[in-house]
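In what follows, a structure is listed as structure tokens, so that the remarks can point back to it.
Readers should treat all values here as calculations from the given coordinates under stated rules, not as data from a laboratory. All values derive from a computational prediction rather than experimental measurement. Neighbour counts run over all protein chains shown; Cβ positions are idealised from the backbone, glycine included.
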Amino acid sequence: MSRAMDEDVPAAKEEEQASAGGKGEAAAAGAAVVCVAAYRIIPLLLYCLYVANPGYLQQTKNEEEEFNTGPLSVLMMSVKNNTQVLINCRNNKKLLGRVRAFDRHCNMVLENVREMWTEMPKTGKGKKKALPVNKDRFISKMFLRGDSVIIVLRNPKLVETRGSCSNR
């Protein structure tokens, strides 16, 4: 299997070099060879990963199980059900949005995000202290780095409506 791949790639290189006339065409031919080589090498790399680490599939199953039952299940349910989560961040801002993707470090791709925070207006000397002002802004898509996440909550309004319908 690997011998056939090795034979095909040099043959593709020779064909591309023979058909390339000028420098621009040679560069395009080189890019085509790289694409052909990458297309054939990626499955080989995946195969090597499975052979070198036989527990890889078990690790991914365990990780998926942890995502479904562990602390990250809040994020997993948000991705599956397209529900909103409220995220408190280290910069004293709150994000209300929908999670599109996440990883074990709590890095997240969020959509339709409403960022909320409070600011203290500046006052002159001798004046009374001003009340805090609530501010917010809308962000259509964002990447949130996991180290800035303090806590992730399901949408509180959604939880309230579900809780009121329960049998007591």
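List of remarks:
- Listed pairs LYS94/LYS127; LYS94/LYS141; LYS93/LYS128 exceeding 23 Å between Cα atoms: LYS94/LYS127; LYS93/LYS128
- For ASN112, net neighbour charge (Lys/Arg +1, Asp/Glu -1) across residues whose Cβ lies under 11 Å away: +3
- Spacing of the two label points (7 Å from each Cα toward its C-beta) at LYS61 and ASN134, in nm: 4.8
- Local electrostatic count at GLY146 - Lys and Arg +1, Asp and Glu -1, tallied over other residues with Cβ under 12 Å: +1
- Sum of side-chain charges, ALA101 neighbourhood, beta-carbon under 13 Å (Lys, Arg +1; Asp, Glu -1): +3
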